[in-house]
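Heads up, the thing below is written out as structure tokens.
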Amino acid sequence: MFSDDKKIGIGLTAFGILFMFMGVVFLFDTSLLTLGNVLFLAGICSIIGVMRTLKFFFGSTDKIVGTAVFFLGFILVLFRWPVIGMILELYGMFKLFFKFGLVINKFLHMSPITGPILRLPIIKRMKGMIDYLTGRNDSTLPM
């Protein structure tokens, strides 16, 4: 199903997320956060390849802010400012992966299992409040 490189990349990414989570749980332990960051980036490189990773981070002018903030947070974690660094990294990840999240949201709405749950009135009302607070409407979602 997956090549060996992709299997290794999935493992590296999973361990990277695990070590970042453990670093936050253990009161922003710099060593665990740094190891998690390195494993996460190595896993992404292994899954999609080095050139596509570089194109993802540096190929589009829309993602420059997210990339800069993410790597600034990475550097702050390395220089033992873990709380501010992780906040910046999370904001950078949000900016980088926001459009991917919209695609996942659309897929979940079309799925036969999660679709009816997401179409419940209470969920629609919460989505409407979030859209109102963020200033978005349905016409801005990618198709």
What's the number of the only condition in (1) at pLDDT below 90; (2) within 19 Å of the chain's Cα centre (by Cα) that ILE17 fails to meet? (1)
State the number of residues belonging to region 104-123 that are in a helix (DSSP H, G or I) and open to solvent by 80 Å² or more (accessible area, probe 1.4 Å). 6
Inspect region 64-86 for any residue being among the charged types (D, E, K, R) and assigned to a helix (DSSP H, G or I) and give the result as yes or no. no
Considering region 24-44 alone, what residues qualify as being buried (at least 19 other Cβ atoms within 10 Å of the Cβ) and either within 17 Å of the chain's Cα centre (by Cα) or within 10 Å of GLY9 (Cβ to Cβ) (or both)? LEU33, THR34, GLY36, ASN37, LEU39, PHE40, GLY43, ILE44
Does region 12-26 include one or more residues that are in contact with a Phe, Trp or Tyr (Cβ under 7 Å, 6 or more places away or on another chain), among the β-branched types (Val, Ile, Thr) and touching a residue at least 12 places away in the same chain (Cβ under 8 Å)? yes
Give the number of residues within region 81-103 that are in contact (Cβ under 8 Å) with a residue 40 or more places away in the chain, open to solvent by 60 Å² or more (accessible area, probe 1.4 Å) and either over 16 Å from MET20 (Cβ atoms) or in contact with an Asp or Glu (Cβ under 7 Å, 6 or more places away or on another chain) (or both). 1
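So if I check each of THR67, THR114, which one is within 19 Å of MET20 (Cβ to Cβ) and polar (S, T, N, Q)? Walk me through it before giving the result.
Numbers: THR114 fails: within 19 Å of MET20 (Cβ to Cβ).
It is THR67.
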Anything in region 45-59 that is of a type outside the set (A, V, I, L, M, F, W, C) and either open to solvent by 40 Å² or more (accessible area, probe 1.4 Å) or in a helix (DSSP H, G or I) (or both)? List them, or say none. SER46, ARG52, THR53, LYS55, GLY59
Are any residues in region 1-23 open to solvent by 80 Å² or more (accessible area, probe 1.4 Å) and either among the hydroxyl-bearing types (Ser, Thr, Tyr) or in a loop (DSSP other than H, G, I, E, B) (or both), and if so, which ones? MET1, PHE2
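For region 27-44, give me each residue that is of a type outside the set (Ser, Thr, Tyr) and assigned to a helix (DSSP H, G or I). Explain how you work it out, then say what you get.
Keep residues of region 27-44 that are of a type outside the set (Ser, Thr, Tyr), which gives 27-29, 32-33, 35-44.
Correct list: LEU32, LEU33, LEU35, GLY36, ASN37, VAL38, LEU39, PHE40, LEU41, ALA42, GLY43, ILE44.
The values are calculated or read from the model by the stated rules, or taken from the named source; none is laboratory data. Only a predicted model underlies this, so the values are computations on that prediction, with no experimental measurement involved. Neighbour counts are summed over all protein chains in view; Cβ atoms, including those assigned to glycine, are modelled from backbone coordinates with ideal geometry. Side chains included, ligands, DNA and RNA excluded: accessible areas come from the protein's heavy atoms. Shrake-Rupley method; radii C 1.70, N 1.55, O 1.52, S 1.80 Å.
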